[in-house]
Each structure stands twice: as structure tokens, then as C-alpha cells.
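Only one structure is covered here, and it is reproduced in the block below.
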Amino acid sequence: MSAVLTRRFADRQTAVRALAAEFQELIEARNQAGQSTVLGLATGSTPIPFYQELVRLHRQQGLSFARVITFNLDEYGGLPPDHPESYWHFMQQHLFQHIDIDPQNIHLPSGTVAEAEIDQHCAAYEDAIRAAGGIDYQILGIGRTGHIGFNEPPSRGDSRTRRVELDEITRGDAAPAFGGLEAVPSWAITMGVGTILDARRIALMAFGEAKADIVRRAIEEPVNDRVTASFLQTHPMAQFLLDPEAASALTR
Ligand code: GLP
């Protein structure tokens, strides 16, 4: 029996509002105490409305990100920051350029680090997360291969930040945005499953019918390295936020 908290919402807007309210509460408490908040951030279409809600809270309710430190899950191999499909560019466009975050507090793996330096770069990313005090709250989407970050199957539960080869399903899903499969990078740098599980709280958002089957496997199958999101079942403070379509294949 899986222990992971599963929350079904009337629609994705209600789900992202509930999650953003949790983030607001955390950030405001830390701000008042003069402390930083360390957020683990994700890309993909799923978190876009969540970022829109954070921007709204910043603009309309004065939520300040001046003390927030962020670590993104992953970056495509070979893409410079200014590439329109880089995750660096995505984060600027959907969140960072709209809030008062200090650019020095933003961290993403580099897609253009020299081949010989990738291991060192990944170790330094882990060190930076630890030096910041660890991730307070990590958000996730889920790929159709069951990956979190870019932890393609099979990924071990104790894997750390590293280079991974992308699954053909994942590359196919990204192809329209890149204008064709040939343009989609074949590899990425991603936080490991173990890196993600070290976060004190975790929220995975999944919306839409296309995610229904993999959401069911992540929640209802025994923990296994073929569906890396299933490792969230082992975390004491992880939750899945679903809309009715993404929850439609759950059997319990
Ligand atoms: C990519 C990202 C994942 C994301 C997944 C699903 O593979 N690396 O972090 O969860 O896409 O994307 P979407 O939310 O667009 O379905």
C-alpha cells in the first residue's frame, strides 16, 4: 500500500493555487525570520500556471523572493542559456524576470560545460545545494517515461546529479518545441533521484489525460527503478497534485 499523499483537485488552476499558497506561507515565514528559502524548481508545461500564480502573488500581495535561493532540476546537454529551448531561458521567461529574485541566487546545471568537466560540475551542484542548507521544497512534473527531472528509467533511488541519455519517448515529446526530433538534445544533466529525495518537502504536479497511466504506475506500483517517480512513495513529505484527468486511471 503506497503511503504517498494524493490530492485530486477540480482543475489544474485550483491545484496550482493550493501549492502556491504553501510556498507563500513558507517564504513569508522565512522572510519574517530573516532566513532564506531554498526552492527546487522544475520545467515543462505543467508548472507554468504555478509560476504564473507565484508571479501574481509577488505583484498583488508583495510576496518577496529576495531571500529565495533556487536550484533547477536539470538542463539539456549542449544548449547555451540563451537558446530558446534551454531551461535557463524557460525559467527567465516564466518566473525569474517577473520577480525580485537576486540573480546570484539562481542555480541551474550548465548544458555547455566541457565533457571532461561534467562530473566535477555535477559534484559542485550537489555541494552548492548542501551549502545552501538543502532544498526546503521541491516541485516536480512527470515525464511519460515516469521520469522526474531527467531521471530516465532505470534510475537508482540513490542516484545523484549526473549526465543522462534521454529516452526516445522523452525526445519525441520534446520534438515539436524544437521543430523536429533531430534538434532535440540526446542528453541532459539532471539532479539524481537521491538528490530530489533529500528535499524536505516535494510536490509532483500532473495534469491531463496523457499523464493518467504513468501517474497510476508511480502511485500504485511497488517502488521500482523503471518508474522513477515511484521513489516518491518512500518520502515522508511528498504529495501528488492531480486534476481529474491525470487521476482518472487510479484504482484506489
Ligand atoms: C521534461 C522535464 C521534466 C518534466 C517533463 C514533462 O522531461 N525534464 O521535468 O516533468 O518534461 O513535461 P510536461 O510538463 O510538459 O508534460
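How much net charge surrounds Thr37 when only the other residues with a Cβ under 15 Å from the Cβ of Thr37 are counted, with Lys and Arg +1 and Asp and Glu -1?
Cβ neighbours under 15 Å give a net charge of -2.
For Glu209 and Arg17 in one chain, what is 0.36 nm times their gap in residues minus the Cα-Cα distance, to one decimal in nm?
Working: separation 192, 0.36 × 192 = 69.12 nm, distance 2.04 nm.
Computed gain between Glu209 and Arg17 is 67.1 nm.
Obtain the nm distance between the two label points defined at Thr251 and Glu165 by a simple spin-label model: each point lies 7 Å from its Cα along the Cα-to-C-beta direction.
Taking the simple label geometry, Thr251 and Glu165 are separated by 3.3 nm.
Roughly how many Å² is the accessible area per residue of the chain, as a whole number, for a 1.4 Å probe? Mind dumping the intermediate values first?
Values: 10860 Å² over 252 residues.
Per-residue accessible area for the chain comes out at 43 Å².
What does the stretch 1-99 give for Rg and for Dmax, in Å, if only its C-alpha atoms count?
14.8, 45
Express the Stokes-Einstein translational diffusion coefficient of the stretch 84-129 in µm² s⁻¹, to the nearest whole number, given a Kirkwood radius over alpha-carbon pairs, 25 °C and a viscosity of 0.890 mPa s.
On the way: Rh = 12.0 Å.
It comes out at roughly 204 µm²/s.
Pop a pseudo-label 7 angstrom from the Cα along the beta-carbon direction at both Ser64 and Ala131 and give the gap in nm to one decimal.
2.5
Beyond 24 Å, how much of the Cα-Cα pair distribution for the stretch 103-214 remains, as a whole percent?
Percentage above 24 Å: 29.
Select from Gln52, Tyr87, Gly146 the residue farthest towards the positive end of the dipole of the chain; place +1 on Cβ of Lys and Arg, -1 on Cβ of Asp and Glu, and compute about the Cα centre.
Gln52
Okay, helix-only estimate at 222 nm for the chain: each DSSP H run of n ≥ 4 adds -39500 (n - 2.57), divide by all residues, round to 500 deg cm²/dmol; what do you get? Display every interim value, and only then the final one.
Numbers: 7 runs with 82 residues, N = 252.
It comes out at -10000 deg cm²/dmol, rounded to the nearest 500.
Roughly what would the spin-label model give for Gln97 and Gln24, points 7 Å off Cα along C-beta, in nm?
According to this spin-label approximation, the distance is 2.5 nm.
With Cβ to Cβ distances under 13 Å as the rule, what net charge do the other residues near Val16 carry (K, R +1; D, E -1)?
Values: positive: Arg7, Arg12, Arg17, Arg56; negative: Asp11, Glu22, Glu53, Asp243.
Spelling it out: positives minus negatives among the neighbours equals 0.
Using the Kyte-Doolittle scale, find the helices of the chain whose mean hydropathy is at least 0.5 and whose Cα atoms extend 15 Å or more along the helix's long axis, counting only whole DSSP H runs.
Details: long enough: 12-32 (30 Å, -0.50); 48-61 (19 Å, -0.71); 118-131 (19 Å, -0.31).
None clear 15 Å together with a mean of 0.5.
Counting only other residues whose beta carbon sits under 11 Å from that of Leu250, what net charge do I get with K and R as +1, D and E as -1?
+2
The values are calculated or read from the model by the stated rules, or taken from the named source; none is laboratory data. Here the structure is a predicted model, which means the values were calculated and not measured. No Cβ is skipped: glycine too gets one built from the backbone with ideal geometry, and neighbour counts run over all protein chains shown. Accessible surface areas use protein heavy atoms only, side chains included; no ligands, DNA or RNA. Shrake-Rupley method; radii C 1.70, N 1.55, O 1.52, S 1.80 Å.
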